[in-house]
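Encoded as structure tokens, the structure appears first; notes follow it.
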Amino acid sequence: MQELEQEFANAIGFVLDTSVNPPKRLGLGFMVSKSRIVTCASKVFHYVEAPWALAIKFPFPDVQVSIKTVHLHNDFDKVEARANYLNQTGGPVDLSPSYMNDMAMLVVDPNPPNVAQEKIAEINRALSLPFSSEGVEAS
């Protein structure tokens, strides 16, 4: 892992959801230090409680690394992001909204876990539940 950390400093890779087959590409991640990757919080805010479902694939050397933790910017508005996520129609005119403080830091896991099928089913159920913003303040 130490060799990879040295070789991939300042590298760009794809953020993947590995809980589905084939893995779904969520966005881009930028390696900013030996074990830290920065990406858009709007792409990974669903995975804060399940970082094991994420991976970064560096296409040029064809290397994939797992994620240990996901840290969102303190002022990222998860309620607004969730509402926009649920309002998507999948039509060609849907534009990705922009958010204030749309930043997340992913920490690379040098020892990727073996994920049980029950965990994968749990994350799929959690992502399909409606999110109520009623009575929730922006803070």
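The values are calculated or read from the model by the stated rules, or taken from the named source; none is laboratory data. Remember, it's a predicted structure, so these values are computed and weren't measured experimentally. Protein only, heavy atoms only, side chains kept; ligands, DNA and RNA dropped before computing areas. Shrake-Rupley method; radii C 1.70, N 1.55, O 1.52, S 1.80 Å.
Scan segment 23-70 residue by residue and report those that are closer than 21 Å to Arg82 by Cα and hydroxyl-bearing (Ser, Thr, Tyr). Lay out the reasoning, then the answer.
Keep residues of segment 23-70 that are closer than 21 Å to Arg82 by Cα, which gives 24-29, 38-54, 69-70.
Of everything in segment 23-70, those that are closer than 21 Å to Arg82 by Cα and hydroxyl-bearing (Ser, Thr, Tyr) turn out to be Thr39, Ser42, Tyr47, Thr69.
Kindly establish whether Phe14 is among the hydrophobic types (A, V, I, L, M, F, W, C), assigned to a loop (DSSP other than H, G, I, E, B) and modelled with pLDDT of 80 or more.
No; evaluated as a whole, the condition is false for this residue.
Hey, which of the strands (runs of 3 or more DSSP E) in segment 24-84, taking only ones fully inside, have at least 2 residues that are open to solvent by 70 Å² or more (accessible area, probe 1.4 Å) and over 19 Å from Pro110 (Cα atoms)?
Of the strands (runs of 3 or more DSSP E) lying wholly inside segment 24-84, those with at least 2 residues that are open to solvent by 70 Å² or more (accessible area, probe 1.4 Å) and over 19 Å from Pro110 (Cα atoms) span 24-31.
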